[in-house]
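Below you'll find the structure, written out as structure tokens, and then a few comments.
The values are calculated or read from the model by the stated rules, or taken from the named source; none is laboratory data. All of these numbers come straight from a predicted model, not from anything done at the bench. Every residue, glycine as well, gets a Cβ built from its backbone with ideal geometry; the counts of neighbours run over all protein chains shown. These accessible areas exclude ligands, DNA and RNA; they are computed on the full protein's heavy atoms, side chains included. Shrake-Rupley method; radii C 1.70, N 1.55, O 1.52, S 1.80 Å.
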Amino acid sequence: MIANRPQFQLRAMKFKLLMALACCSFITHAVSGQHLFYPVIVVKKAPEGVFSFNKKWGYPEGIIKHDNGKFEKTDGEKLEAADTAHMYFTANCKTNVQGGYIVKYCYATRKRGNISLNFSGGMPAYANEFHLILKNKAFYFDPRVVYPELIIDEKIVYKVTGCKLILYQKNYAVANNISGYIKALFTETIQNSKKGTQTNKYYLEGYFKTTLN
């Protein structure tokens, strides 16, 4: 069974809110990256075999399946049928943010001629999101890293240092599905009054294939 996407997104938002309220000492700190437009979106033919991840799936955020086959919701609410739905992966991207993990989901929306791609899928351990905005033949990349602790005198700045976007639909602006390859490089500069300045180099790289709503 495939879960209804709008319903899933609403449930995911609710779960994130409950997690934040439940843990008063667990304060998220998210800083958007610098928006840089790039002049060209490359259009190519899709390589064979790169979308095998579309056949794999996980469960909605906040759902745990125990070894005995029973399911549990981390927010303590009553289990519903939609909670055990198979959420098929729509991305297979790697990132080295916070030690590194696989980004398994990409959601695509179209509004006023612009296309938004939102990469996520690391909860509950990773709440980071990576955004792409496509406008005509240009785009920009916006990393949104979320840390579990807020340090008052700390300033974090993100700067995109390079980005490549390849799409596998010639008429992607009007397509029902969108797929491609993304490779984004960005730096994180942390300024702390006690520890000084620290710079980290991060990336997001991989393939995606998802419905364009």
Checklist entry - Quick one: Gln9 ticks every box in (1) surrounded by 13 or more Cβ atoms within 10 Å (Cβ to Cβ); (2) at pLDDT 50 or above; (3) of a type in the set (S, T, N, Q) bar one, so which box is it? => result (2)
Checklist outcome for this item: When Asn200 is run through (1) open to solvent by 60 Å² or more (accessible area, probe 1.4 Å); (2) touching a residue at least 12 places away in the same chain (Cβ under 8 Å), the failure sits at (1)
Checklist entry - Out of (1) at pLDDT 95 or above; (2) over 15 Å from Phe51 (Cβ atoms), the odd one out for Ile182 is which? => result (2)
Checklist entry - Applying the selection to segment 105-126, what residues are open to solvent by 30 Å² or more (accessible area, probe 1.4 Å), at pLDDT below 95 and within 23 Å of Ile63 (Cα to Cα)? => result Met123, Pro124, Ala125, Tyr126
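Within segment 84-101, how many residues turn out to be under 22 Å from Asn54 (Cβ atoms) and either under 10 Å from the mean Cα position of the chain (by Cα) or open to solvent by less than 60 Å² (accessible area, probe 1.4 Å) (or both)? Lay out the reasoning, then the answer.
So the first thing to find is which residues in segment 84-101 are under 22 Å from Asn54 (Cβ atoms), and the list is 84-95, 101.
From what is left, the residues that are either under 10 Å from the mean Cα position of the chain (by Cα) or open to solvent by less than 60 Å² (accessible area, probe 1.4 Å) (or both) are 84-87, 89-91, 93, 95, 101.
Here the count works out to 10.
Here are some residues: Ile152, Ile190. Which one is in contact with an Asp or Glu (Cβ under 7 Å, 6 or more places away or on another chain), hydrophobic (A, V, I, L, M, F, W, C) and open to solvent by 20 Å² or more (accessible area, probe 1.4 Å)?
Working: Ile152 fails: in contact with an Asp or Glu (Cβ under 7 Å, 6 or more places away or on another chain).
Just one listed residue meets the conditions, Ile190.
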Item to check | Among residues of segment 86-124, those that are touching a helix residue (DSSP H, G or I) at 6+ places or on another chain (Cβ under 8 Å) and farther than 18 Å from Asn213 by Cβ, counted | outcome: 4
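With a cut-off of at least 3 residues that are within 22 Å of Arg112 (Cβ to Cβ), name the strands (runs of 3 or more DSSP E) lying wholly within segment 126-209. So that I can check it myself, show each step before the final result.
On the way: elements: 129-135, 138-147, 154-167, 177-192.
In segment 126-209, 129-135, 138-147, 177-192 are the strands (runs of 3 or more DSSP E) which contain 3 or more residues that are within 22 Å of Arg112 (Cβ to Cβ).
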Checklist entry - Looking only at residues in segment 28-83 that are part of a loop (DSSP other than H, G, I, E, B) and of a type in the set (Val, Ile, Thr), which one is modelled with the lowest pLDDT? => result Thr28
Item to check | Condition check for Lys78: out of contact with any Cys (no Cβ under 8 Å at 6 or more places or on another chain) and either without any contact (Cβ under 8 Å) to a residue 60 or more places away in the chain or open to solvent by less than 70 Å² (accessible area, probe 1.4 Å) (or both) | outcome: yes
Checklist entry - Can you name every residue in segment 84-101 that is within 18 Å of Ile63 (Cα to Cα) and part of a strand (DSSP E or B)? => result His86, Met87, Tyr88
Item to check | Filter pass, Leu117 being in a strand (DSSP E or B) and under 15 Å from the mean Cα position of the chain (by Cα) | outcome: yes
Checklist entry - Name the pairs whose Cβ atoms lie under 6 Å apart, with the first residue in segment 29-51 and surrounded by 14 or more Cβ atoms within 10 Å (Cβ to Cβ), the second modelled with pLDDT under 60 and assigned to a loop (DSSP other than H, G, I, E, B), and 6 or more positions between them or separate chains? => result none
